[in-house]
Amino acid sequence: MTARHHRRLVLLGGGHAHIEVLRQAARRRFNGGEILVISPSAHSHYTGMIPGFVRGSYKEFALTIDVAWLTRAAGGTFQEGCAATVAADGRSVELENGHVLECDLVSADVGSEPSGWRDVPGVADHAFTARPIERAMALVDAIDHAIERARERGTARDAVAIVGGGGGAVEIAFAIRARAEAAAVSFPVTLIEAEARLLPEFEAAMGQTASRVLRKRSIDVLTRARAAAVTAEEVLLADERRVASTITVWLGGAGPVAVTRNSSLPKDANHFWEVTSTLRSTGGAPVWGAGDCIALRDFPWVPKAGVYAVREGPVLAVNLRAAMAGEADRDAATYEPQQSYVSILDTADGRAIMRWKGRVIRGRVPLWLKSYIDSQFVDRYRPSWRRWPRVGSVSMAGRYVTRAD
């Protein structure tokens, strides 16, 4: 490795935990080295607001966080690119373009991709998904074209199938139905869930409430239905049933992205990086992680949900700050995931379903609360003269971006 007189921390991805690391570094700089952020885009998008974007309730800017600006505020450098692999000793990162970055510490917050995206025949060629935002935009375009065709023909010939029955899939189903209804168009929308009931990650009451609202909105639900293949016109199920679908949305759980699959670091059975409660790799390398791309060794029950990434952020910031100062093993902060948290699903009709400590309610107040929480989260990472040093504005993000050529 080329001799350097300071430490280099490489942050892979601009996920919910990493933007908190950058916010903390902007408020009080990390001593002892430099921060380099590698991410495919200069902007991150808050995933909790993507269904609202699909519905048409939000413009893109409403859910956008300027990662390049945050990096500059933290005294770091932003570089557009994607990591291909991280060395087992955590001392280098190879990018997809073949360039190798030397470093002293690595942290990954690169999210996940829909499970089965690469493995189930036809999915990568014919299906849409909701992340990153570019894929959500493509889905919105497809829905709008279907609406336009229905208007021209006087009848709808398109059909939507959503593979997955978790919270994100349910919200997207409601959002698509609402977007079409706003244009006075209706076409079949079907949710396809492999488990025995909808919303298997929640208590039964949550799934029952959602199912009632889905029926009221004329959204069909198939349970114990596993998608085996996707074509341009249908979803083929493992039991040989066929579901008509000209617009298939693949939201079937979380799978590892390339950098987590390809790196020679300790992983769990599903190929997510295994970390301790300090969010450091269980192998002891100077590698940390947060969000969907990790598996907590001591808490294997933790699901892939944004609320956990958000709450991992402060712990990650403390431990990376200590590591940059050469104190990684001294009084490391630990993360203990909460087992109870507020869950709110937007039903795209001016109401939402909320679950808190086993109770489930539906109404306008839960939607107001969700909107407030979402907007507060995004605003926390936007420029403000009260919170941030004067380093520019959101519109100046291009000044802080270098490309990995």
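Yes or no, residue by residue, for (1) acidic (Asp, Glu); (2) surrounded by fewer than 18 Cβ atoms within 10 Å (Cβ to Cβ); (3) in contact with a Cys (Cβ under 9 Å, 6 or more places away or on another chain):
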site	(1), (2), (3)
Arg151	no, yes, no
Gly154	no, yes, no
Ile172	no, no, no
Ile176	no, no, no
Glu181	yes, yes, no
Val185	no, no, no
Val189	no, no, no
Glu193	yes, no, no
Arg197	no, yes, no
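Run down Ala305, Ala258, Ala290, Ala295 and say which single residue is out of contact with any Pro (no Cβ under 9 Å at 6 or more places or on another chain) and crowded, with 24+ Cβ neighbours inside 10 Å. Working first, answer last.
Numbers: Ala305 fails: crowded, with 24+ Cβ neighbours inside 10 Å; Ala258 fails: crowded, with 24+ Cβ neighbours inside 10 Å; Ala295 fails: crowded, with 24+ Cβ neighbours inside 10 Å.
On inspection, the qualifying residue turns out to be Ala290.
Has the stretch 146-167 got any residue that is aliphatic (A, V, I, L, M), at pLDDT 95 or above and in contact with a Leu (Cβ under 6 Å, 6 or more places away or on another chain)?
yes
Looking only at the stretch 46-85, which residues are out of contact with any Asp or Glu (no Cβ under 9 Å at 6 or more places or on another chain), assigned to a strand (DSSP E or B) and among the hydrophobic types (A, V, I, L, M, F, W, C)?
Result: Ile65, Phe78.
Scanning for something over 22 Å from the mean Cα position of the chain (by Cα) and in a helix (DSSP H, G or I), does the stretch 219-238 turn up at least one residue?
no
Mind telling me which of the residues Ala194, Ala161, Ala184, Ala150 ends up being without any contact (Cβ under 8 Å) to a residue 12 or more places away in the chain, over 30 Å from Ile65 (Cβ atoms) and either assigned by TED's automatic domain parsing to the domain that holds Leu222 or not in a strand (DSSP E or B) (or both)? Outline the logic, then answer.
Values: Ala194 fails: without any contact (Cβ under 8 Å) to a residue 12 or more places away in the chain; Ala161 fails: without any contact (Cβ under 8 Å) to a residue 12 or more places away in the chain; Ala150 fails: without any contact (Cβ under 8 Å) to a residue 12 or more places away in the chain.
Result of the check over Ala194, Ala161, Ala184, Ala150: Ala184.
Can you pull out every residue in the stretch 250-278 that is in a strand (DSSP E or B) and without any contact (Cβ under 8 Å) to a residue 60 or more places away in the chain?
Lys267, Glu274, Val275
The values are calculated or read from the model by the stated rules, or taken from the named source; none is laboratory data. All values derive from a computational prediction rather than experimental measurement. Heads up, the Cβs are rebuilt from the backbone with ideal geometry, glycines too, and the neighbour counts pull from every protein chain shown.
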